[in-house]
Structures are given as structure tokens and as C-alpha cells.
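Below is one structure, written out as C-alpha cells; comments come after it.
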Amino acid sequence: MNIEKAHGGIKVPFEEIAKNCIFAYPSDIEPILGVFSLLGGEDMHNECSNIYGEKQVSEWRRRYQFLFETYEAAKELYLFDLFDILLDVFDDSFSVKRFYEHLIAMPEDERLFRMAAWSYSKISQKEILHALSDDAALDALYSKVQDRCPSYLGLSTFIRHNSRFIKDYFELAKEMDTPSLKGAIDERSRELESFKKNVAAALGKGDPLEISQKIMGKTFQNRGPYETFYFVPSLLIPGRSFRLFYENGTKHNKQILVCSIREEEKDTKDTVAALKALSDETRYQILKLLYKNGPMKGQDIVKQMQLAPSTISHHMSELKESGLITEEPVKTSKYYGLSSNRLKEVLKMVKEDFDL
């Protein structure tokens with residue numbers, strides 16, 4: 001891999017590794033992902049605390065209290081959709097500065113509409129536009145999302161002070177772009193090289209969409225077509241991977257697959273939780289159903305299982321919490337799928353622990 005030293009960190013040019021498939025590692029994307037890890041409480045990994053120190057992380061939480069509290073109040077609106085806007089600017093000239101300028105230049109109602117999963121509550125962009133200045137419209141909007149956003153003040157702050165939310169987010173990202181981060185990335189150059197080689201080798205034998213599914217351990221509901229596939233490694237990504245794409249049928253559609261290069265940590269508690277989820281007959285049957293049929297909407301699972309929606313909802317929450325199912329939003333619906341990678345991890349750990 002052509003790795004260039006730049007300002008104490010590494011700079012990896014965008015590189016075509018197969019037809020219409022690009023390996024990309026703009027290292028200044030890391031602080032953007034790092035902020036999201038901090039906002040989520042580092043519940044997936046402690047890389048930020050390891051790199052910056054717990055004292056510095058605590059200081060950021062104190063100084064960026066508006067950002068952290070606003071996120072906490074509105075996080076169930078699926079604010080990870082903020083990254084969907086990366087699709088607009090992600091190319092070989094990508095930079096954090098360009099991403100920020102694009103976000104700030106967007107009409108406020110459009111930015112807000114794309115930042116969160118409003119479609120689940122059947123909220124239109126027009127309703128958000130009215131809520132920016134009309135209290136009655138804000139009240140009506142809150143009535144639709146209060147099950148996921150219990151704080152009226154939190155919702156109001158997120159909507160009417162969204163520019164500050166974005167500004168603070170990128171100010172924190174700028175502060176996180178330190179020599180310590182660059183050093184941590186330098187130390188992972190071998191993992192970056194390995195990620196690139198493994199993806200390139202897989203693409204030499206298979207279709208990029210199928211390779212993406214294998215990497216994520218799920219079957220996609222939204223399948224493009226995509227003109228370009230980007231494969232992006234990351235150290236600070238909150239989870240194991242995420243995928244960005246426009247809706248099916250969008251002109252010049254692309255897919256961005258961001259994957260962790262962290263070594264998977266074995267956690268007995270997580271394994272026990274997964275085994276507990278598997279031990280219930282209904283949940284086991286749901287997993288078999290998803291294996292057989294691929295991604296399904298919640299209401300279709302209810303029909304197939306012939307159980308009350310509240311019962312299925314409870315079991316789906318348990319399965320999602322244990323990481324055994326995946327969730328993919330498509331317009332006003334959520335599609336659930338079997339997380340084959342997670343299931344393999346659990347079975348592998350049991351096999352190793354008991355030398356089977």
C-alpha cells in the first residue's frame with residue numbers, strides 16, 4: 001500500500017483495487033468518527049480514552065456539554081444518519097473542512113431532515129421547516145416522536161440550534177486531530193495494509209455487493225445498483241462497520257463501507273448474553289426465519305410467527321441488544337436480518353473456551 005507520511009500521521013491516496021471499487025483512507029475522517037464514539041459513551045470500545053487519556057475526554061465532555069446533552073436527548077432519532085451526508089462529498093478530494101462547509105451551507109430543514117430518521121414517524125421535511133419557527137408545528141412534531149425522544153427541550157434544542165450542534169461537533173473533531181491520534185494510526189499501518197489486501201483479494205473472486213455482505217455479516221435489503229464501491233478502514237468507528245448509500249434507483253449511486261481495523265476483544269459477558277438470547281425458543285425461531293427469508297420487516301415477522309406485535313417487539317429488542325440481528329432502515333420501514341458474523345463469533349468463542 002502506498003502510505004505517505006504527512007504531518008506525523010499517514011495519508012493514503014484513494015486507490016482503485018478492482019473495477020469501480022475504491023480503497024480509501026482519508027485519515028482526517030477518524031476524528032469525525034471519534035466524536036460519535038465519545039457521544040455514545042465509548043460503549044463499543046475505549047480507543048478514544050486510550051489515545052487521549054480519560055482526563056482529556058472528561059474535559060471535552062465538560063466543555064462541550066451542549067453537544068453531549070443535545071445528542072443524549074435526541075439520539076434515539078437515529079442521529080447516525082448524519083453520516084449519510086458524507087455521500088455528497090466523499091471522493092478523492094474529501095476533507096473534514098469540506099464536509100463541514102457542505103453541512104453548514106445546506107438549507108436547515110434539509111440538513112435536519114437528513115440527519116435523523118424522521119421517516120419512521122412519517123415526518124416530512126416540510127413539517128421540520130415549519131417547526132423551525134412555529135411553536136405549534138414543533139408541538140405537533142414532538143407528539144410524533146416523544147416515544148423515542150422523551151425530552152421536548154432536547155428536541156427543540158436539536159432542531160432550533162442545529163447549527164451550533166454541527167459547529168460544536170466539528171470543533172471537537174478538530175481538537176481530536178492530534179499527534180497522539182496520528183501516532184495511533186501510524187501504529188496500525190499493518191492493519192490498514194491487511195484490510196486493503198484482504199478486500200482486494202476478495203474482490204478478485206466475487207461481486208463487490210456480495211463481498212460487502214460477507215464483511216458485514218448480513219444480507220442487504222437496499223441493493224443499489226451502485227456505480228462505485230468505497231471500502232474504508234477505521235480505528236475509531238463506533239461499531240464494527242456501517243454502510244452508506246442513497247435509495248435504490250438514485251442516479252450516480254455509490255456505497256461507502258466503513259469497517260473497524262480494531263482487533264476483536266473477547267468478552268464473556270457478551271457471549272453469555274448472546275447464548276441467553278439464543279436459549280429462548282421464540283427468538284431461536286425468529287433467527288431461523290431470518291436465515292431462511294433474508295431481511296424482513298417487523299410486521300412480516302409478526303405475521304409469520306403469529307404472535308402479538310408487542311411480544312415480537314420484545315424479542316427483537318433482546319436479539320438486537322445481543323447483536324444477533326441487524327437493522328437496516330428503508331424509507332418508513334426497518335428491515336431486520338440475521339447477523340451471521342456475530343453468530344459465528346459466539347460459536348467460535350464457545351468452541352475455543354471448551355476446546356470442542
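May I ask you to verify whether residue 84 is under 30 Å from residue 24 (Cβ atoms), over 21 Å from the mean Cα position of the chain (by Cα), in contact (Cβ under 8 Å) with a residue 40 or more places away in the chain and not assigned by TED's automatic domain parsing to the domain that holds residue 14?
Working: under 30 Å from residue 24 (Cβ atoms): yes; over 21 Å from the mean Cα position of the chain (by Cα): no; in contact (Cβ under 8 Å) with a residue 40 or more places away in the chain: yes; not assigned by TED's automatic domain parsing to the domain that holds residue 14: yes.
Against the criterion (under 30 Å from residue 24 (Cβ atoms), over 21 Å from the mean Cα position of the chain (by Cα), in contact (Cβ under 8 Å) with a residue 40 or more places away in the chain and not assigned by TED's automatic domain parsing to the domain that holds residue 14), residue 84 does not qualify.
List every residue pair whose Cβ atoms sit under 8 Å apart, with the two residues 6 or more apart in sequence or on different chains, where the first one lies in the range 225-253 and is over 23 Å from residue 325 (Cα atoms) and assigned by TED's automatic domain parsing to the domain that holds residue 48 and the second, anywhere, is in a loop (DSSP other than H, G, I, E, B) and modelled with pLDDT of 90 or more.
none
Regarding the range 263-283, can at least one residue be identified that is under 27 Å from residue 119 (Cβ atoms), surrounded by fewer than 16 Cβ atoms within 10 Å (Cβ to Cβ) and charged (D, E, K, R)? Outline the logic, then answer.
Going residue by residue through the range 263-283, those that are under 27 Å from residue 119 (Cβ atoms) are none.
No; the residues of the range 263-283 include none that is under 27 Å from residue 119 (Cβ atoms), surrounded by fewer than 16 Cβ atoms within 10 Å (Cβ to Cβ) and charged (D, E, K, R).
Only one of 286, 301, 312 is more than 29 Å from residue 234 (Cα to Cα), surrounded by 15 or more Cβ atoms within 10 Å (Cβ to Cβ), out of contact with any Phe, Trp or Tyr (no Cβ under 9 Å at 6 or more places or on another chain) and not small (Gly, Ala, Ser). Can you tell me which?
When all the criteria are applied, what remains is 312.
Quick check on my filter: what residues within the range 236-262 are surrounded by 17 or more Cβ atoms within 10 Å (Cβ to Cβ) and either farther than 23 Å from residue 193 by Cβ or in contact with a Cys (Cβ under 9 Å, 6 or more places away or on another chain) (or both)?
236, 237, 238, 240, 241, 242, 244, 245, 246, 253, 254
Considering the range 120-165 alone, what residues qualify as being among the hydroxyl-bearing types (Ser, Thr, Tyr) and either free of Cβ contacts under 8 Å to residues at least 40 places away in the same chain or surrounded by fewer than 17 Cβ atoms within 10 Å (Cβ to Cβ) (or both)?
Restricting attention to the range 120-165, the residues satisfying the condition of being among the hydroxyl-bearing types (Ser, Thr, Tyr) are 120-121, 124, 133, 142-143, 151-152, 156-157, 163.
Within the range 120-165, 121, 124, 133, 142, 143, 151, 152, 156, 163 qualify.
Taking the range 51-84, which residues are in contact with a Phe, Trp or Tyr (Cβ under 8 Å, 6 or more places away or on another chain) and among the small types (Gly, Ala, Ser)?
73, 74
Within the range 125-163, how many residues turn out to be under 16 Å from residue 71 (Cα atoms) and either of a type in the set (S, T, N, Q) or not assigned by TED's automatic domain parsing to the domain that holds residue 68 (or both)?
Of the residues in that region, 6 qualify.
Given the structure, is residue 309 closer than 30 Å to residue 121 by Cβ, outside the structural domain of residue 212 (by TED's automatic domain parsing) and touching a strand residue (DSSP E or B) at 6+ places or on another chain (Cβ under 8 Å)?
Working: closer than 30 Å to residue 121 by Cβ: yes; outside the structural domain of residue 212 (by TED's automatic domain parsing): yes; touching a strand residue (DSSP E or B) at 6+ places or on another chain (Cβ under 8 Å): no.
So residue 309 does not fit the description; no.
Have a look at 121, 93, 27 and point out the one that is closer than 21 Å to residue 259 by Cβ, among the small types (Gly, Ala, Ser) and either assigned by TED's automatic domain parsing to the domain that holds residue 254 or at pLDDT below 95 (or both). If you could, list the steps in order and put the result at the bottom.
Working: 121 fails: closer than 21 Å to residue 259 by Cβ; 93 fails: closer than 21 Å to residue 259 by Cβ.
Just a single option satisfies the conditions, and that option is 27.
Within the range 115-152, can you find the residues that are under 26 Å from the mean Cα position of the chain (by Cα), within 21 Å of residue 72 (Cβ to Cβ) and assigned to a helix (DSSP H, G or I)?
Within the range 115-152, 115, 118, 120, 121, 128, 141, 142, 144, 145, 152 meet the criteria.
Could you list all residues from the range 314-356 that are touching an Asp or Glu at 6+ places or on another chain (Cβ under 9 Å) and without any contact (Cβ under 8 Å) to a residue 24 or more places away in the chain?
Residue satisfying the conditions is 320 alone.
The values are calculated or read from the model by the stated rules, or taken from the named source; none is laboratory data. Bear in mind that the values here come from a model prediction, so they are computed numbers and not experimental data. Neighbour counts are summed over all protein chains in view; Cβ atoms, including those assigned to glycine, are modelled from backbone coordinates with ideal geometry.
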